[in-house]
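Notes follow the structure.
The values are calculated or read from the model by the stated rules, or taken from the named source; none is laboratory data. Because the structure is a prediction, the values reported are computed rather than measured. Reconstructed Cβ throughout: ideal geometry from the backbone, glycine too, with neighbour counts over all protein chains shown. We work out accessible area using only protein heavy atoms, side chains counted, and drop any ligands, DNA or RNA first. Shrake-Rupley method; radii C 1.70, N 1.55, O 1.52, S 1.80 Å.
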Amino acid sequence: MAWERQINIKTPQEIVIMREAGRINAEALAAARAIIRPGVTTADLNAAAEEVLKKYGVYSPFKNYPGPYPYPASTCVSVNEELVHGIPSPKRKLKEGDIVTMDCGTVFEGFVGDSAFTAGVGEISATAQKLLEVTEKSLYEGIAQMRSGNHAGDVSAAIQRYVESHGLYLTREYTGHGVGRQMHEGPQLPNYGIAGRGLLLRPGVTIAIEPMVLVGTPVTRVMPDQWTVTSWDGSLTAHFEHSIAVTEGDPIILTAL
Ligand code: MF3
Ligand code: CO
């Protein structure tokens, strides 16, 4: 993955635009979430999100994301052991007990919103339920550290502490990232780290925080489609993401509804 290392501080006006990009992204994710049930395909979820983007005349930065195999869809839809970057397919039907991750991006007036959630399909196992709760809660543990004067390592360490204290694993192979005019800017934000280290957070820093959690191992592999990332051992995985702005006061969740 090509990474822009540049850390771009946003003006308050730019943060207002990013909040709108994020709100549209949240609406697209909500539309997909609303149709989750057994029998629906991962392509159906992608289409529900795309319909919202179309309504606003915006597009997803995922589509044709550059690389040796340009990403072919507007969203990533990843089921069970698929951690991230699942390619939506009309052949992949959800069934009762599955957990499904929807990850979507939006470009609005030149700025990106990037967020994701994992949800159950019908009744899910106790293990799956715990995985979802711990992963989502860890995202909010990280967000709480997004305060001026803290360091990026405080965010990473908070996520790591919370997830590992519940006996679950975090990938070392994928990270959160700065977000702005580019989907991927500096800094990279690993889901593990040392408090007090890394970038000094200050107003205008905007980062997509995205804990990616696995039940059985931190190790992943990439499927032959060159995109879908799964747990090495086939164990369940979850992923929650929000784009966040650091301010003089409380952090802003840019990708809230
Ligand atoms: N939310 C993901 C990320 O932050 C989605 C990228 S998928 C891609 O990296 F295909 F667009 F790369
Ligand atoms: Co992201």
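So the values come out like this:
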item	result
In the stretch 179-208, the residues that are within 15 Å of ligand 2 (Cβ to nearest atom), out of contact with any Leu (no Cβ under 6 Å at 6 or more places or on another chain) and of a type in the set (A, V, I, L, M)	179, 183, 189, 208
Residues satisfying the stated conditions in the stretch 121-133, i.e. open to solvent by less than 30 Å² (accessible area, probe 1.4 Å) and under 23 Å from residue 257 (Cβ atoms)	121, 132
Single residue of 36, 7 found to be in a loop (DSSP other than H, G, I, E, B), crowded, with 18+ Cβ neighbours inside 10 Å and of a type outside the set (D, E, K, R)	36
Checklist (1) closer than 28 Å to residue 17 by Cα; (2) in a strand (DSSP E or B); (3) more than 16 Å from ligand 2 (Cβ to nearest atom) applied to residue 101, failing item	(3)
Of the criteria (1) under 20 Å from residue 8 (Cβ atoms); (2) touching a Ser or Thr at 6+ places or on another chain (Cβ under 7 Å); (3) more than 16 Å from ligand 1 (Cβ to nearest atom), which one residue 255 fails	(3)
Test: residue in the stretch 155-174 that is of a type in the set (Lys, Arg), in a helix (DSSP H, G or I) and open to solvent by 40 Å² or more (accessible area, probe 1.4 Å)	yes
Residue selected from the stretch 231-242 under the condition open to solvent by less than 50 Å² (accessible area, probe 1.4 Å) and either within 16 Å of ligand 2 (Cβ to nearest atom) or of a type in the set (D, E, K, R) (or both), by the criterion farthest from residue 116 (Cα to Cα)	237
Considering residues of the stretch 214-230 that are away from ligand 1 (no atom under 16 Å from the Cβ) and in contact with an Asp or Glu (Cβ under 7 Å, 6 or more places away or on another chain) only, the residue least open to solvent (accessible area, probe 1.4 Å)	217
All positions within the stretch 85-116 that are within 12 Å of ligand 1 (Cβ to nearest atom), hydrophobic (A, V, I, L, M, F, W, C) and open to solvent by 10 Å² or more (accessible area, probe 1.4 Å)	87, 107
The one condition in (1) farther than 30 Å from residue 180 by Cα; (2) within 13 Å of the chain's Cα centre (by Cα) that residue 97 fails to fulfil	(2)
Among the candidates 193, 180, residue that is within 14 Å of ligand 1 (Cβ to nearest atom) and surrounded by 16 or more Cβ atoms within 10 Å (Cβ to Cβ)	180
Count - residues of the stretch 66-97 that are assigned to a loop (DSSP other than H, G, I, E, B) and in contact (Cβ under 8 Å) with a residue 12 or more places away in the chain	22
